[in-house]
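Student: Before I ask anything, here is the structure I am working with.
Values in this text are rule-based calculations from the coordinates and carry no lab data. As the structure is a prediction and not an experimental result, all values here were calculated from the model. Neighbour counts are summed over all protein chains in view; Cβ atoms, including those assigned to glycine, are modelled from backbone coordinates with ideal geometry.
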């Protein structure tokens, strides 16, 4: 049972890292710094003031880059590496090695965050392109991603099982939405879903 609880908690922080890489790490850092969540070595550095400052700066960079479509396109390429690493670190940081081996935790977080990022990458352009006012919706979509990412991470820290289940449901919902948009999307927009 402990394995399942810890696995769900890991999912609860890794999946949001696939949506926004640094916000869940900030949540983990704040809670770790406050001593409310024991962090597994070697990722316990997240519970330091230095890590929190660096993560806060990275959140600023991420938010800035995401609000401008020209910059966001370039930043997306970097995120193929950043997001899975963030998910791997988040998963391994909150799951003790006594519950799940550190290497396996790292790999699980990496895969979950990358999967979430790939699905998000298919979904976001399709949502924006399905509107005549796509340029207006880009910042709104980005803000929604910020809110979802923080909410899932906070919920996971407060109630690991609930946060993990909800994160998995969000990922499954995103996958379902991709398939739904594929069926309803005109041929011109369908290229963003390939």
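Student: Roughly what angle does helix 69-94 make with the longest principal axis of the chain, taking Cα atoms, 0 to 90 degrees, to the nearest 10?
Tutor: Orientation of helix 69-94: about 30 degrees from the principal axis.
Student: Which whole-number percent is the relative contact order of segment 1-137 (Cα, under 8 Å, 6+ apart)? Please list the in-between numbers first.
Tutor: On the way: 191 pairs, mean separation 47.0, N = 137.
That works out to 34 percent.
Student: Please state, rounded to one decimal and in Å, the Kirkwood hydrodynamic radius that segment 1-72 gives when every pair of distinct Cα atoms enters the mean of 1/r. Provide the component values of the computation, followed by the final result.
Tutor: On the way: mean 1/r = 0.0755 Å⁻¹.
Evaluated on segment 1-72, it is 13.2 Å.
Student: Could you please rank 1, 174, placing first whichever residue has the fewest other Cβ atoms within 10 Å of its Cβ? All intermediate terms of the calculation are to be shown ahead of the outcome.
Tutor: Working: 1 5, 174 20.
With the fewest neighbours first, 1, 174 line up as 1, 174.
Student: Return the tail of the calculated pair distribution for the chain, meaning the percent of Cα-Cα pairs more than 20 Å apart. Spell out each step's value before the answer.
Tutor: Numbers: 9839 of 18721 pairs.
Tail of the P(r) past 20 Å holds 53 percent of the pairs.
Student: Pick from 83, 184, 124: which residue has the top mean-square fluctuation in a GNM of the chain where Cα pairs under 10 Å get a spring?
Tutor: Answer for the Gaussian network model of the chain: 184.
Student: What does the helix-only formula give at 222 nm for the chain: each DSSP H stretch with n ≥ 4 adding -39500 (n - 2.57), the total divided by the residues, and the result rounded to the nearest 500 deg cm²/dmol?
Tutor: Numbers: 8 runs with 156 residues, N = 194.
Per the formula, -27500 deg cm²/dmol.
Student: Same structure again: So how do 55-64, 84-93 stack up, highest first, on mean other-Cβ count within 10 Å?
Tutor: Numbers: 55-64: 15.3, 84-93: 27.5.
Ranked by mean Cβ neighbours within 10 Å, highest first: 84-93, 55-64.
Student: Using 0.36 nm times the number of residues separating residue 99 and residue 44, minus their current alpha carbon distance, what extension gain do you get?
Tutor: That pair, residue 99 and residue 44, stretches by 18.2 nm at full extension.
Student: Also, I was wondering about something else. Please find the FRET efficiency linking residue 71 to residue 159, where r is the Cβ-Cβ separation and R0 is fixed at 35 Å, and quote it to the nearest 0.05.
Tutor: On the way: r = 36 Å, r/R0 = 1.03.
Here the calculated transfer efficiency is 0.45.
Student: Okay, moving on. Please build a GNM for the chain, connecting alpha carbons under 10 Å apart, and tell me which residue among 41, 78, 113 fluctuates the most.
Tutor: 78
Student: 7 Å from Cα along Cα→Cβ at both residue 33 and residue 140: what's the point-to-point distance in nm?
Tutor: Distance between the two pseudo-spin positions: 3.4 nm.
Student: Please compute the length gained on full extension between residue 179 and residue 4, using 0.36 nm multiplied by the number of residues separating them and subtracting their Cα-Cα distance. Could the numbers behind the result be given before it?
Tutor: Working: separation 175, 0.36 × 175 = 63.00 nm, distance 2.89 nm.
Full extension of this stretch gives 60.1 nm more.
Student: Hey, what's the Kirkwood Rh for segment 48-161 if you take every pair of different alpha carbons, in angstrom? Show your work: numbers first, answer last.
Tutor: Numbers: mean 1/r = 0.0643 Å⁻¹.
Averaging 1/r across every pair of different Cα atoms and inverting gives 15.5 Å.
Student: A further question follows. Among 76, 98, 156, whose mean-square fluctuation peaks in a Gaussian network model of the chain (Cα, cutoff 10 Å)?
Tutor: 98
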